[in-house]
Amino acid sequence: MASELAGIDSADLRRTMREVASAQGARVRLNGREVLNFSSNDYLGLANHPTLKEAAVEAIETFGAGAGAARLISGSQSPHHELENALAKFKGTEAALAFSSGYAAALGTIPALVGAGDVVVVDKLVHASLVDAAKLSGAKLRVCKHNDLADLARILEWAAGQGGRTLVVAESVYSMDGDLAPLLNLVELKEQHGAWLMLDEAHATGLYGEGRRGVAEEFGVGDRVEIQMGTLGKALGAAGGYICGSNELIDLLRHRARSFVFSTAPMPAQAAAARAGIEVVQSAEGEERRTRLWSLVDELKNGLIARSWKLPVVQSAILPLMIGTEVEAVALSERLLEAGVFVPAIRYPTVAKGEARLRITVSAAHSPEDIKTLLETLGESKSDA
């Protein structure tokens, strides 16, 4: 282990966990001082919202701190059922199933649906949990070039001749690049080849579509996505993961998703807070927060471009500053932190080697003054790229 850690150090990939001694927000207390926070996925600023906190406290008072057992034994408390009913109604599906985390949702769902003799096709940039789940399933795994419909069509044509099920796995908003999947074309393509689609809306739920349900709603294809996945810990402000879909899908997962069947149920407070987050997102306040968020994203994006920072096409609240080497990315992150602005450096294996970046995430909790402070602290890009 010491040898492996030495290798991590030599590659400039050593990570540390910084202690945050405050609630999530535009500012957090980090390592003993207050800093401006551009590191969180709390896109709508709900993680410290009074309504969510009150729901969690009330659930603790009524149902206690822990669920006591797996939900199929004795731990399926009312807040879990209420959350799933709210999720299904919110997403416009027949049913929903909540998991302890998004990782658990992925790890339980894919092996429950496909196995030996089947094919799983994943976009190259999907989350690690989806890749791990695909490998665990025992199905043949094929990796599609990122957002490359021609490559996907080629793989699906091959998969159609394999004789089993084919599951396509994609994200609607990619967590490290902040770009969107070509969802309408993706849906049409999977239907042409008789495949299923599992769409992870982790970074989209609450931010896209008239009802703020996600990119599937934005493109009008929610009823054509067989497996809708997401998390409760980003725009919804709480914690956990979920799968939404047909009654048959959810009933099958209750029997076969091992990360659900064999896990103690999440705290009732977690489920209650998530349900409250859904209610806020669907309210007039949720729309006001979303509108404010997109205004701040545009302000930051335009400011970065004006200062010659290298950005990919920005379509989300995730703005990755492409730096290149791990050493340079860490150095810039540390310079910002020293000045009181927290923006994490993202390195291999989260992103490819040589594609290290600073991942800026914007929240509705930020103010225009916060955006100005970030831009002034960053200054002009010194890159020749």
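The values are calculated or read from the model by the stated rules, or taken from the named source; none is laboratory data. Keep in mind that this is a model prediction, so the values were computed, not measured. Cβ sites come from the backbone with ideal geometry, for glycine too, and all protein chains shown count toward neighbours.
Provide a single number: the residues in the range 292-313 that are at negative phi, touching an Asp or Glu at 6+ places or on another chain (Cβ under 8 Å) and not aliphatic (A, V, I, L, M).
2
Looking only at the range 342-385, which residues are of a type in the set (A, V, I, L, M, F, W, C), in the same structural domain as Arg292 (by TED's automatic domain parsing) and closer than 27 Å to Ser10 by Cα?
Phe342, Val343, Ala345, Ile346, Val351, Ala352, Ala356, Leu358, Ile360
Could you list all residues from the range 26-59 that are without any contact (Cβ under 8 Å) to a residue 24 or more places away in the chain and in a helix (DSSP H, G or I)? So that I can check it myself, show each step before the final result.
Filtering the range 26-59 for residues without any contact (Cβ under 8 Å) to a residue 24 or more places away in the chain gives 27, 29, 31-32, 50.
Pro50, the sole residue that qualifies.
Taking the range 354-379 as the search range and keeping residues that are part of a strand (DSSP E or B) and of a type in the set (Lys, Arg), which one is farthest from the chain's Cα centre (by Cα)? It would help to see each step written out before you state the result.
Taking the range 354-379 first, the residues part of a strand (DSSP E or B) are 356-361.
Going one step further and asking which of them are of a type in the set (Lys, Arg), we end up with 357, 359.
Details: Arg357: 18, Arg359: 14 Å.
Looking at residues that are part of a strand (DSSP E or B) and of a type in the set (Lys, Arg), I get Arg357.
Do the conditions hold for Ala317, that is, is it under 18 Å from the mean Cα position of the chain (by Cα) and within 30 Å of Arg14 (Cα to Cα)? Step through it out loud before you land on a result.
Values: under 18 Å from the mean Cα position of the chain (by Cα): yes; within 30 Å of Arg14 (Cα to Cα): yes.
The answer is yes for Ala317.
Take the residues of the range 124-178 that are at positive phi and not polar (S, T, N, Q): which is modelled with the highest pLDDT? Show your work before the answer.
Filtering the range 124-178 down to residues at positive phi leaves 138, 147, 163, 178.
Then keep just the ones that are not polar (S, T, N, Q); that gives 138, 163, 178.
On the way: Gly138: 97, Gly163: 92, Gly178: 91.
Checking each candidate, the answer is Gly138.
Give the residue, chosen from Ala96, Ala56, that is closer than 13 Å to Ala238 by Cβ and surrounded by 15 or more Cβ atoms within 10 Å (Cβ to Cβ).
Working: Ala96 fails: closer than 13 Å to Ala238 by Cβ.
Only one candidate passes the filter, namely Ala56.
Can you list the helices (runs of 4 or more DSSP H) lying wholly within the range 81-200 that have 1 or more residues being touching a Leu at 6+ places or on another chain (Cβ under 9 Å) and more than 17 Å from Glu226 (Cα to Cα)? Give the derivation first.
Numbers: elements: 102-113, 128-137, 149-160, 183-192.
So the answer is 102-113, 128-137, 149-160.
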